[in-house]
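Right, one structure below, let's go through it.
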């Protein structure tokens, strides 16, 4: 048999008496040789067979490998690899996030007694999982014979080191499952039947019964069946917590613990397969391949955030969908009501524009100008909310989750048609809201400017400022880009609003306001009840309005400090600024091309404010409801069909009969 030079050199370098770190370095070199260029799984499997053939032909080298392997086992705790590898090393989400950041930024050392740390350095790619899973039963049996070692400790002589390690790992996993199940955060949120049944109490003794039955070779099947039933009961008890979360708010940290519990139960089952029914080691190979994959996921910050925030995203989308339903009009009565509400919002925004120019006239530094402009915006948005008016551009990020909520069951009859009907209503509502805002904010802004001139004898803004407004809101400049960026801020405020409402509900602050003795003694029972009711019903809107106002004011100032020339373009505010600029410049402005370029830019600003915020929110909502790409394609086809056959329905409702 012809040996490759690399393998010959590698085997010659093997020193069973080397210290721990050099034993680990040799093993890492061996795995690199097996991996090769990581282009062919078949080639990697062939290298494993070649290694076994060479050792079979060289008994002295086989002996050296076995001595080296036994010394390696003496200094490594394999149970930590089997029980903990792939799981979070911290019990809380934020702690695990920090730990993963450290692992990404700091180099790893092969000088370790933790088998999990060494495994992460050995099998660090998806290709490693592929060649491990492709090993044949014959190859696995040959490897098992080569690497067999007696247990250094254990209840019964004759068992292998691998079997003893498996039992220890199952014991550790069982204790972790019980610890999560007994934690007050999980236990107090379980359903009452799950708490009464309390399957976590007997889980450890059930595993002891399985281990004793296996060692005694008596009554194993019954013990295994009972233990697996208890594991399923633990999973079901933990799953009952999700019902509580759905009703009372999502905690990312709690979801993190529940996922850990479920995955540890699955790991226990995999370890039991390796212990009880693995004579040819196929389950062992499958387990090691799985560990190679989950090790990559354990190192991924994105995977941690995606896995543990998906339920929070779904809850945020759900809460926004409840709010968004109020912004969708379906008939002429609701359509006219939307026009009135948006007209009221436009009137308030005209005063907001005047106050914003007042802040500008103070000559503050960039940060403080942005801060006080943000305060003005936030106060105006809150006032509009309290007056039950509306600002058009705030609607899309709220209505998108309401639209996606219609897609929970795409298999239902007429589900697609119903969705297109809702989209038609939404677009029509948005057109009405934008028109109501813009049509009122412009004349009211002009009227305010004229009133100011009559009272104080000077224009509300100087001609220089007015000229700056005309040239900043222009289709020839970057206003379109700024409008799209404003859409991102609108979407961000809706996400923050959903998160704040979830936080409010999760911590039962409405109940605390209503019943806390310190609060009720200060406010009185009736007033405390009114405040609790008001905040429970308005906390989302308040969070959205305040956060949006502050972002519109502060974000441009912060980006300016960083040297990034990003600004905001909000269609209602831009129309109000344009009205005041026209009033300051007089009738001669009608002949100025800059005015008409600014007027031409307004529809694009409004469209991008709406489309960007709606698109981002709709994308999040689709993911939250698990709508597939095929289903999305069906929806898009139905929307195009409606546009061809009934385009006018997107602008005004059908006449009521």
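Values in this text are rule-based calculations from the coordinates and carry no lab data. Only a predicted model underlies this, so the values are computations on that prediction, with no experimental measurement involved. In this analysis, Cβ positions are derived from the backbone assuming ideal geometry, glycine residues included, and neighbour counts consider all displayed protein chains.
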| note | Subtracting the Cα-Cα distance of residue 503 and residue 147 from 0.36 nm times their residue separation yields 122.8 nm
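Please sort 517-530, 569-582, 483-496 by packing, taking for each peptide the average over its residues of neighbouring beta carbons within 10 angstrom, highest first.
The packing order, highest mean first, is 569-582, 483-496, 517-530.
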| task | Can you grab the distance from the C-alpha centre of the stretch 513-577 to the C-alpha centre of the stretch 419-449, Å, no decimals? | result | 23
| request: For residue 301, put the label point 7 Å out on the Cα→Cβ axis and report which residues of the stretch 98-124 keep their amide N under 17 Å from it. | output: 98-108
| said: If I take every Cα pair under 8 Å that is 6 or more residues apart in the chain, average their sequence separation and divide by the length, what percent do I get for the relative contact order? | reply: 16
| remark: So, for the Cα atoms of the stretch 153-299, Rg and Dmax in Å stand at 16.6, 54
| message | Binning at 10 angstrom from zero up to the longest distance, how are the C-alpha pair distances of the chain distributed in percent? | response | 3, 12, 18, 17, 15, 13, 11, 7, 3, 1, 0
| remark: Ranked from fewest to most other Cβ atoms within 10 Å of their own Cβ, 335, 636 fall in the order 636, 335
| Zone residues, the stretch 326-368, relative to residue 458, backbone N less than 12 Å from point 7 Å out along Cα-to-Cβ | 361-362
| said: How much length would be gained if the chain were fully extended between residue 229 and residue 244, taking 0.36 nm per residue of separation minus their Cα-Cα distance, in nm to one decimal? | reply: 3.0 nm
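Using the 10 angstrom Cβ neighbour count as an exposure proxy, how do 456, 442 rank, fewest first? Intermediate values should be presented prior to the final figure.
Details: 456 9, 442 22.
Sorted ascending by nearby Cβ count, the order is 456, 442.
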| field | Computed [θ] at 222 nm, helices only, for the chain once each DSSP H run of length n ≥ 4 contributes -39500 (n - 2.57) | value | -25500 deg cm²/dmol
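When a footprinting reagent is the concern and you count Cβ atoms within 10 Å, what order do 274, 234 take, fewest first? All intermediate terms of the calculation are to be shown ahead of the outcome.
Values: 274 23, 234 26.
Exposure proxy ranking, most exposed first: 274, 234.
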| task | For a label point 7 Å from the Cα of residue 632 along Cα→C-beta, name the residues of the stretch 475-514 whose backbone N is under 12 Å from it. | result | none
